[in-house]
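Q: Let me begin by handing over the structure; questions about it come next.
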C-alpha cells in the first residue's frame, strides 16, 4: 500500500548544527511529496513540496530533493535556529489514490541555544 | 482572512456522549478534510469533502459523521464518544482537490473519559 516512513525523534541539536530528517515512501503511483511543520500549539503549515522526480523544494533554509531511485525525500537545513524547534511531517499525495495526503509519523526536533 | 478556524480548542467528554467539532474557512476553498493526530502515527484522514453537498470517507471514518451544507463549514460529529477517540483533531482546506497547499486549523484537543 501507500505509506510514508520517517525517522523517529526526538532529534536534539545545538544551534547552527546541520539537520537531516529522513523520509522514504512507498507508492503505487507517482506521488507528490511534502514537508509540513507544526510549531508548538499550532496546526500544520506547508514547509515545501516537490511534484516530480529530481525536483528540489526549498523554503526558510530547508531543502528536500525528490529521489525516485531511492524513494526518498529527506529534509535538510544547514544551520538550525532555536525557532526551528517543531514537529516535522513528511507526506505524499497520489493522484490515483484520490489525491489524499498520507503522513509519516512526525519527527520532533529540539534546537538548544 | 481568518483562514481555517476550529472550535472548541479543548473538550472533555464522557463515554457515550455526542458532540460536534466545528470547522470553518473563509478562503472559498472547495476541498475540506478532517484528520486526527495520535502520537507516532502522524495524521490520519477521517472524512473529506470536495465541495458543498459531497462527502466521502477517509482512512479512519468509523464513529464519525460529516456534512457539507455550505462551502465554508465542515462540522465533524462524534455520535457516541469512546476513549479511543481521544486525540487532536485538525481540519484542513485547499482551493481544489489536487496537488494544492492544504491549510490547517489550530486543532481541537479531545479527551474522552
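Q: If residue B:47 satisfies every condition in (1) part of a loop (DSSP other than H, G, I, E, B); (2) buried (at least 19 other Cβ atoms within 10 Å of the Cβ); (3) within 13 Å of the chain's Cα centre (by Cα) but one, which is the exception?
A: Only one criterion in (1) part of a loop (DSSP other than H, G, I, E, B); (2) buried (at least 19 other Cβ atoms within 10 Å of the Cβ); (3) within 13 Å of the chain's Cα centre (by Cα) is unmet by residue B:47, namely (1).
Q: With the requirement that a residue be assigned to a loop (DSSP other than H, G, I, E, B), surrounded by 19 or more Cβ atoms within 10 Å (Cβ to Cβ) and at pLDDT 95 or above, what does the stretch B:72-113 give you?
A: B:74, B:81
Q: Would you confirm, using the coordinates I've provided, whether residue A:60 is surrounded by fewer than 16 Cβ atoms within 10 Å (Cβ to Cβ) and in contact (Cβ under 8 Å) with a residue 12 or more places away in the chain? Step through it out loud before you land on a result.
A: On the way: surrounded by fewer than 16 Cβ atoms within 10 Å (Cβ to Cβ): yes; in contact (Cβ under 8 Å) with a residue 12 or more places away in the chain: yes.
When the stated conditions are applied, residue A:60 passes them.
Q: Oh, and also: Look at residue A:20 and say whether it is closer than 19 Å to residue A:108 by Cβ, touching a residue at least 24 places away in the same chain (Cβ under 8 Å), assigned to a strand (DSSP E or B) and more than 15 Å from the chain's Cα centre (by Cα).
A: On the way: closer than 19 Å to residue A:108 by Cβ: yes; touching a residue at least 24 places away in the same chain (Cβ under 8 Å): yes; assigned to a strand (DSSP E or B): yes; more than 15 Å from the chain's Cα centre (by Cα): no.
Against the criterion (closer than 19 Å to residue A:108 by Cβ, touching a residue at least 24 places away in the same chain (Cβ under 8 Å), assigned to a strand (DSSP E or B) and more than 15 Å from the chain's Cα centre (by Cα)), residue A:20 does not qualify.
Q: Being within 23 Å of residue A:108 (Cβ to Cβ) and more than 10 Å from the chain's Cα centre (by Cα) is the filter; apply it to the stretch A:27-49 and report the residue that is surrounded by the most Cβ atoms within 10 Å (Cβ to Cβ). Walk me through it before giving the result.
A: We begin by selecting, within the stretch A:27-49, every residue within 23 Å of residue A:108 (Cβ to Cβ); these are A:33-49.
Checking the rest, the ones that are also more than 10 Å from the chain's Cα centre (by Cα) come to A:38-45.
Working: A:38: 21, A:39: 13, A:40: 7, A:41: 8, A:42: 13, A:43: 21, A:44: 28, A:45: 15.
Only one residue fits best here, namely A:44.
Q: A further question follows. Only one of these conditions is not met by residue B:52: (1) more than 14 Å from chain A (Cβ to nearest Cβ); (2) closer than 21 Å to residue B:5 by Cβ; (3) touching a strand residue (DSSP E or B) at 6+ places or on another chain (Cβ under 8 Å). Which number is it?
A: (3)
Q: For the stretch A:42-113, give me every one of the strands (runs of 3 or more DSSP E) that falls completely inside it and has 1 or more residues that are within 14 Å of chain B (Cβ to nearest Cβ). Walk me through it before giving the result.
A: Working: elements: A:44-50, A:56-59, A:62-65, A:75-77, A:86-93, A:101-103, A:107-112.
Hits in the stretch A:42-113: A:44-50, A:56-59, A:86-93, A:101-103, A:107-112.
Q: Tell me which residues, restricted to the stretch B:1-16, are surrounded by fewer than 15 Cβ atoms within 10 Å (Cβ to Cβ), more than 14 Å from chain A (Cβ to nearest Cβ) and more than 13 Å from the chain's Cα centre (by Cα).
A: Result: B:1, B:12, B:14, B:15, B:16.
Q: Please give the number of the condition residue B:33 fails out of (1) surrounded by fewer than 17 Cβ atoms within 10 Å (Cβ to Cβ); (2) modelled with pLDDT of 90 or more.
A: Of everything listed in (1) surrounded by fewer than 17 Cβ atoms within 10 Å (Cβ to Cβ); (2) modelled with pLDDT of 90 or more, residue B:33 misses just condition (1).
Q: May I ask you to list the residues in the stretch A:24-36 that are more than 11 Å from chain B (Cβ to nearest Cβ) and either over 24 Å from residue B:102 (Cα atoms) or part of a strand (DSSP E or B) (or both)?
A: Those that are more than 11 Å from chain B (Cβ to nearest Cβ) and either over 24 Å from residue B:102 (Cα atoms) or part of a strand (DSSP E or B) (or both): A:24, A:25, A:26, A:35.
Q: Let me ask something else. State all residues of the stretch A:6-24 that are in contact with a strand residue (DSSP E or B) (Cβ under 7 Å, 6 or more places away or on another chain) and at pLDDT 95 or above; if no residue qualifies, say none.
A: A:11, A:12, A:13, A:14, A:15, A:19, A:20, A:21, A:22, A:23, A:24 - these are the residues of the stretch A:6-24 that are in contact with a strand residue (DSSP E or B) (Cβ under 7 Å, 6 or more places away or on another chain) and at pLDDT 95 or above.
The values are calculated or read from the model by the stated rules, or taken from the named source; none is laboratory data. Computed from a prediction, not measured in an experiment: that's the story for all the values here. Counting neighbours? That spans all protein chains shown, and the Cβs are built from the backbone with ideal geometry, glycine included.
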